[in-house]
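The values are calculated or read from the model by the stated rules, or taken from the named source; none is laboratory data. Just so it is clear, the model here is predicted, and its values are computed rather than measured. Counting neighbours? That spans all protein chains shown, and the Cβs are built from the backbone with ideal geometry, glycine included. Surface areas here come from the heavy atoms of the whole protein model, side chains and all, with no ligands, DNA or RNA. Shrake-Rupley method; radii C 1.70, N 1.55, O 1.52, S 1.80 Å.
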Amino acid sequence: MVSASAPGKIILFGEHAVVYGRPAVAVPVTQVSATARIDPTPAGEGLALVATDLDRRVNLAQASPDDPLAVIVRETLAHLGQSPPDAVLTIRSTIPIAGGLGSGAAVSTAIARALAGFFGQRLSPAETSQLVYEVEKIHHGTPSGIDNTVIAYGQPVYFVREKTLETFSLGGAFPLLIADSGVPSPTREVVGAVREGWSGAPERYEELFDQVGEVVDRAREALEDGQVKAVGALMTRNQALLGEMGVSSPMLDELVAAALEAGALGAKLSGAGRGGNVIALVGPGTSQIVEDALIAAGARYVIPTVVE
Ligand code: MEV
């Protein structure tokens, strides 16, 4: 038996503008993860893909060409120069689906790693990220690649599409609350809506993306210097710009306002928006108050995490 796992992720700064070449910062979230396990079966049985949480079982040979599980398996096997083994590949995940925490990319990453492990081979983070990107394209059309990158590298990343990938260290501990709005975040649709907005008013959107880019660069410095208050203020500024892009929602705005009123140092939606989650940066002693306020404002659940 071989098993491998991958963490969830949150985008701290720069979602959407990152699709248009501006920088973004994302970090792994290890409190949630996806795991893939491979158990050999007798010769001739082929490769069965079992997604326990989704109650799905399909044989690779019968899977449709755009089935995301089958795509990552086929891509990885081709990359490793291997044929499908006789085995059961079981996927489990504690990452909420469509919650902005990178569940699809984490499942794909865990599968790619487990297959490499099964054949006694190694995949570098760059190779894994590239394989997972192929599946991300099925999930949401024109992804920037930030989700597969942060999950495959498992470290904070400063990312510019097709240009820069820098992992970096934080100069302090940043306690965050991840609050789920309970509304799925339809990444493909929201990315498409921004594209429509941009096509209709390119100058306005380019200006918004530039402003996000400035926030991201200042945020990276503040993260590296451990300036918690500055990071919080920049999160709230980023949220205002996301609102202007039309990717927030009354529910997300309410969660952000509730967190700030309860004393959070900053708050914003994270990921594609219109649903999914809100992240709030909290100071010492305010975590529980902000968590209670988020739940009272309708969050389905809150995951506390410390980014450090
Ligand atoms: C989705 O997690 C992040 C977006 O910026 C889309 C992308 O980067 O591909 C909204």
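What the table below lists for this structure:
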item	result
Hey, Q82 in contact (Cβ under 8 Å) with a residue 40 or more places away in the chain, open to solvent by 30 Å² or more (accessible area, probe 1.4 Å), assigned to a loop (DSSP other than H, G, I, E, B) and away from the ligand (no atom under 16 Å from the Cβ) or not	no
Residue selected from the stretch 277-294 under the condition among the small types (G, A, S) and modelled with pLDDT under 95, by the criterion farthest from the chain's Cα centre (by Cα)	G285
Members of the stretch 95-127 found to be of a type in the set (A, V, I, L, M), at pLDDT 90 or above and open to solvent by 20 Å² or more (accessible area, probe 1.4 Å), listed by number	V107, L123, A126
Unique residue being of a type in the set (A, V, I, L, M) and modelled with pLDDT under 95 when the list is V212, V231, V216, V307	V307
Subset of the stretch 128-184 (residues that are among the aliphatic types (A, V, I, L, M), open to solvent by 30 Å² or more (accessible area, probe 1.4 Å), within 16 Å of the ligand (Cβ to nearest atom) and touching a residue at least 24 places away in the same chain (Cβ under 8 Å))	I138, V183
Pair list, Cβ < 9 Å and 6+ apart or interchain, from the stretch 1-14 residues that are among the charged types (D, E, K, R) to residues that are open to solvent by 20 Å² or more (accessible area, probe 1.4 Å) and part of a strand (DSSP E or B)	K9/P28
Flag if R37 is surrounded by fewer than 16 Cβ atoms within 10 Å (Cβ to Cβ), more than 16 Å from the ligand (Cβ to nearest atom) and either closer than 17 Å to A116 by Cβ or among the charged types (D, E, K, R) (or both)	no
Filtered residue count, the stretch 246-267, keeping only those that are of a type in the set (S, T, Y) and free of Cβ contacts under 8 Å to residues at least 40 places away in the same chain	1
Conditions (1) aliphatic (A, V, I, L, M); (2) within 20 Å of the chain's Cα centre (by Cα); (3) within 16 Å of the ligand (Cβ to nearest atom): number failed by A299	(3)
Some residue of the stretch 193-207 being open to solvent by less than 20 Å² (accessible area, probe 1.4 Å), in contact with a His (Cβ under 9 Å, 6 or more places away or on another chain) and within 12 Å of the ligand (Cβ to nearest atom)	yes
Selection from the stretch 47-58 of residues that are exposed (fewer than 14 other Cβ atoms within 10 Å of the Cβ) and farther than 18 Å from T94 by Cα	R57
